[in-house]
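Take a look at the structure set out below.
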Amino acid sequence: MPFATPSTPRGRRVPRLRAAATAAALGLAPLTLTVLAAAPASAHGSMGDPVSRVAQCFAEGPESPKSAACQAAVAAGGTQALYDWNGIRIGDAGGRHQDLIPDGKLCSAGNDEFKGLDLARVDWPATGVHSGSYTFKYRVTAPHKGTFEVYATKPGYDPAKPLAWSDLDLADPVAKSTDPVATDGFYTFSGTLPARTGRHLLYAV
């Protein structure tokens, strides 16, 4: 999904550029997946396909998003989080994501600015996908070398409950890519989505 740079309303801070972890929501048919990403150690951006929660809410318009889930995220955390759509991250995690990000705060990477993305809801905007081969596109605003790992939630995952590390199939990533090349504003890499039924979540580190 292409992104446009928004005009900055009077008095609003200009978005801060930071290394990004992505919180993303996506839906699958027949498998419905919601995608979240945690913390690429040094990349500014967010998952574009499937679209992340923060990227979708930004695209809807930070001041008056269309979807109920994005409206709730703004009510919980304010609009600045959406202007900072490329800034969810822990720059020095060094593989210690599970130690640094508590259960229930995976989508915000434990950053209070993005707490609205942690809301446990069944109506986050979603990208329709099918199980099997999938090409991931990560919207990048400042390319860096690094590794992406994408995980799916386990069968039986309940999107109405806060996301916990134990909800993710950490033993079997659906995609992994080291130093992908940025082309036309995106890192692109391939993976395989698992067979699932109902709404699920993808989490990218």
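Taken together, the values in this text are just the output of simple stated rules run on the coordinates, not laboratory data. Being a predicted model, the structure only gives us computed values, none of them experimental. Neighbour counts are summed over all protein chains in view; Cβ atoms, including those assigned to glycine, are modelled from backbone coordinates with ideal geometry.
When each of Phe148, Phe136 is scored by the number of other beta-carbon atoms lying within 10 Å, the sequence from fewest to most is Phe148, Phe136. Database remark: amide H of Gly48 closer than 5 angstrom to the amide H of Lys137, Tyr138, Arg139 (H placed geometrically; neighbours at sequence offset of 5 or more, or on other chains; Pro and chain starts carry no H). Rounded, prolate or oblate: which one fits the stretch 88-205, using the alpha carbon gyration tensor with axes a ≥ b ≥ c (rounded when a/c is under 1.5, else prolate when a/b beats b/c, else oblate)? Taking the square roots of the gyration eigenvalues as a ≥ b ≥ c, the stretch 88-205 is oblate. For Thr178, neighbours were defined as the other residues whose beta-carbon sits under 12 Å from its Cβ, and their charges (Lys and Arg +1, Asp and Glu -1) total 0. Judged by the mean number of other Cβ atoms found within 10 Å, the most tightly packed of the peptides 172-183, 48-59, 123-134 leads the ranking 48-59, 123-134, 172-183. Here the simple spin-label model places points 7 Å from the Cα toward Cβ, and for Thr197 and Glu113 these points are separated by 4.2 nm. Full extension of the chain between Gln71 and Asp172 gives 33.0 nm of extra length, using 0.36 nm per residue less the Cα-Cα distance. Considering only beta bridges that DSSP places wholly inside the stretch 31-204, some 80 percent are antiparallel. Using a ≥ b ≥ c from the Cα gyration tensor of the stretch 48-145 (square roots of the eigenvalues), is it rounded, prolate or oblate, where a/c under 1.5 gives rounded and otherwise the larger of a/b and b/c decides, a/b for prolate? Here the stretch 48-145 falls in the rounded category. Among Tyr157, Tyr203, the ranking by other beta carbons within 10 Å of each residue's beta carbon, starting with the fewest, stands as Tyr157, Tyr203. Charges were assigned to the Cβ only: +1 to each Lys and Arg, -1 to each Asp and Glu. The resulting dipole of the stretch 31-204 about its Cα centre is roughly 220 debye.
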